[in-house]
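Since the structure comes first, as structure tokens, the remarks are kept for the end.
The values are calculated or read from the model by the stated rules, or taken from the named source; none is laboratory data. Computed from a predicted model, the values in this text were never measured in an experiment. In this analysis, Cβ positions are derived from the backbone assuming ideal geometry, glycine residues included, and neighbour counts consider all displayed protein chains.
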Amino acid sequence: MLYSAYEAAYYASTPLRLAARLTRDFWSSPLNPAKDTELGRRIFANADLFANLTRRYGRPDWAIDSVEIDGQPVRVRPTVVWSSPWVKLTHFTRDMADLRRAGRRELAPAVLIVAPLSGHYASLLRGTVQAFLQDHEVFITDWSNARDVSLMEGRFDFHDYVDHVRDMLRQLGPRPHVVAVCQPGPAVLAAAAMMAEDGEDSRPGTMTFMGSPIDARLSPTVTNKLAEERPFAWFKSTMIDTVPAPYPGMGRRVYPGFVQLYSFMSMNMDKHQDAHKQYLLDLMKGDGDAAEKHLEFYDEYLSVLDLPEEFYLQTIDYVFQNYLLPKGELVHRGRPVQPGSIRDIGLLTVEGENDDISGIGQTQAAHGLCTGLSDDFKEDYVQPHVGHYGVFNGRRFREEIYPRVRAFVRRHQDGIEKASNAA
């Protein structure tokens with residue numbers, strides 16, 4: 001029913017959207033002598049806003065062609081190095097000749113950034129990737145849109161997610177570093193605990209959790225309270241729908257991305273309305289730079305993907321209602337998950353002072369679970385004056401958070417290399 005209403009609304013608005021595009025093109029044409037008049041800019045602005053609000057937003061491009069390292073431009077090429085129907089492990093390969101010109105000759109530590117599977121595409125972490133590219137070989141989980149995965153590929157649940165994280169870490173070789181941004185925190189901690197218990201060579205050298213709901217009971221936010229107050233049956237009956245034709249995943253049960261987007265936007269509806277009003281005013285007064293920044297943000301923010309039913313519902317159950325990991329009750333493939341078995345993996349937790357998604361303390365809870373780690377392996381940081389998004393993107397992330405993560409990874413990487421040489 002949700003999908004049917006969504007599709008009907010999109011197709012019903014198609015004639016108006018086409019008319020708005022024609023109007024926008026007419027009033028922005030250099031052949032139109034009235035395009036720079038106040039009336040022309042006003043008509044153009046309103047048509048452009050309507051066209052953008054009613055169109056569909058596809059998977060964004062990474063748009064990372066180069067990165068500046070020590071003042072030198074270094075070319076970058078995204079390359080898929082491993083995949084399943086549910087994810088593409090993407091390596092941002094840096095040009096070796098450019099790196100040598102920048103004075104970088106040593107082998108950089110490999111870092112796996114585990115992007116959230118919670119509604120947005122992995123490209124939302126573009127700024128995170130660009131920061132890490134200065135000092136690391138960067139890999140990221142680029143999750144698939146469930147509506148594009150055929151029913152023939154089977155299910156994908158929380159336990160499959162944990163297995164995928166383990167498989168991808170193995171692709172990076174011995175002792176890679178892993179960064180979990182938001183939602184994947186519990187699954188990444190579970191994967192690291194299993195790998196540590198099994199003594200795998202590819203167990204992480206460090207694990208960094210950014211704004212992650214390791215224990216969602218602590219400092220509950222509006223999102224946490226909603227998940228706790230609603231019965232599990234409500235999520236299953238209200239938030240799940242069937243993918244219609246002609247999508248490749250026709251018949252698959254999913255949590256639609258547009259529902260998640262509405263949930264995100266409703267938390268700060270006034271802020272989004274003000275942003276669009278300002279965009280309209282910027283267009284009418286001819287401020288193209290400000291309008292372009294608005295478009296760049298919303299082109300990313302409004303691009304959403306569907307989640308598999310079983311993954312979404314298990315996440316609600318395991319993480320936000322029954323808190324299995326912090327209570328010591330999470331079982332993976334018949335084995336208890338024991339974070340206390342982690343003894344030689346550095347643990348860094350990062351939280352935002354104003355985070356309204358994962359409250360302060362939810363990520364820090366990882367320290368209490370990893371009882372086998374000495375204090376030398378642990379570090380915690382709370383970034384002042386940032387919300388959830390600012391924990392992994394933006395100026396304060398680049399200037400204050402990332403340098404701490406880089407130093408933490410470097411310190412433990414040095415320890416791993418010394419131990420390897422001594423052996």
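Structure notes:
- Answer residue from the stretch 393-406, given it is at pLDDT 95 or above and not basic (Lys, Arg) and is surrounded by the most Cβ atoms within 10 Å (Cβ to Cβ) among those: VAL405
- Screening the candidates GLY340, GLY394 for the property of being out of contact with any strand residue (DSSP E or B) (no Cβ under 6 Å at 6 or more places or on another chain), farther than 25 Å from ASP160 by Cα and not basic (Lys, Arg) yields one hit, GLY394.
- From the list VAL243, VAL254, the one residue that fits, being crowded, with 18+ Cβ neighbours inside 10 Å, among the hydrophobic types (A, V, I, L, M, F, W, C), over 19 Å from the mean Cα position of the chain (by Cα) and at pLDDT 90 or above, is VAL243.
- Qualifying residue in the stretch 332-343 (condition: under 20 Å from the mean Cα position of the chain (by Cα) and under 18 Å from MET207 (Cα atoms)): no
- Of the residues making up the stretch 215-227, those that are under 14 Å from ASN322 (Cβ atoms) and surrounded by 17 or more Cβ atoms within 10 Å (Cβ to Cβ) are ASP215, ALA216, ASN224, ALA227.
- Restricting the first member to the stretch 191-214 and to residues that are more than 22 Å from THR315 (Cβ to Cβ) and in the same structural domain as ASP167 (by TED's automatic domain parsing), and the second to residues that are basic (Lys, Arg) and at pLDDT 95 or above, the beta-carbon pairs closer than 6 Å and six or more apart or on different chains are ALA196/ARG203; SER202/ARG170; GLY205/ARG175.
- So ALA97, is it modelled with pLDDT of 90 or more and assigned to a loop (DSSP other than H, G, I, E, B): no
- Some residue of the stretch 218-238 being part of a strand (DSSP E or B) and farther than 30 Å from ILE416 by Cα: no
- The set of residues in the stretch 305-333 that are aliphatic (A, V, I, L, M) and in contact (Cβ under 8 Å) with a residue 24 or more places away in the chain comprises LEU305, LEU307, LEU313, ILE316, VAL319, LEU325, LEU330.
- Any hit, the stretch 306-315, residues being assigned to a loop (DSSP other than H, G, I, E, B) and not small (Gly, Ala, Ser): yes
- Only one of ASN32, ASN46, ASN52 that is over 27 Å from PRO256 (Cα atoms) and surrounded by 17 or more Cβ atoms within 10 Å (Cβ to Cβ): ASN46
- Cross-chain or 6+ apart pairs with Cβ under 9 Å, the stretch 385-405 first and on the phi > 0 side of the Ramachandran plot, then surrounded by fewer than 20 Cβ atoms within 10 Å (Cβ to Cβ): HIS385/GLU353; HIS385/ASN354; HIS385/ARG396; GLY394/GLY127
- Unmet requirement for MET267, which otherwise passes all of (1) hydrophobic (A, V, I, L, M, F, W, C); (2) at pLDDT 85 or above; (3) farther than 22 Å from SER144 by Cβ: (2)
- The helices (runs of 4 or more DSSP H) found wholly in the stretch 1-72 and carrying at least 3 residues that are within 26 Å of LEU281 (Cβ to Cβ) and not hydrophobic (A, V, I, L, M, F, W, C) occupy 14-28, 38-54.
- Residue in the stretch 20-43 that is among the hydroxyl-bearing types (Ser, Thr, Tyr) and in contact (Cβ under 8 Å) with a residue 12 or more places away in the chain present: yes
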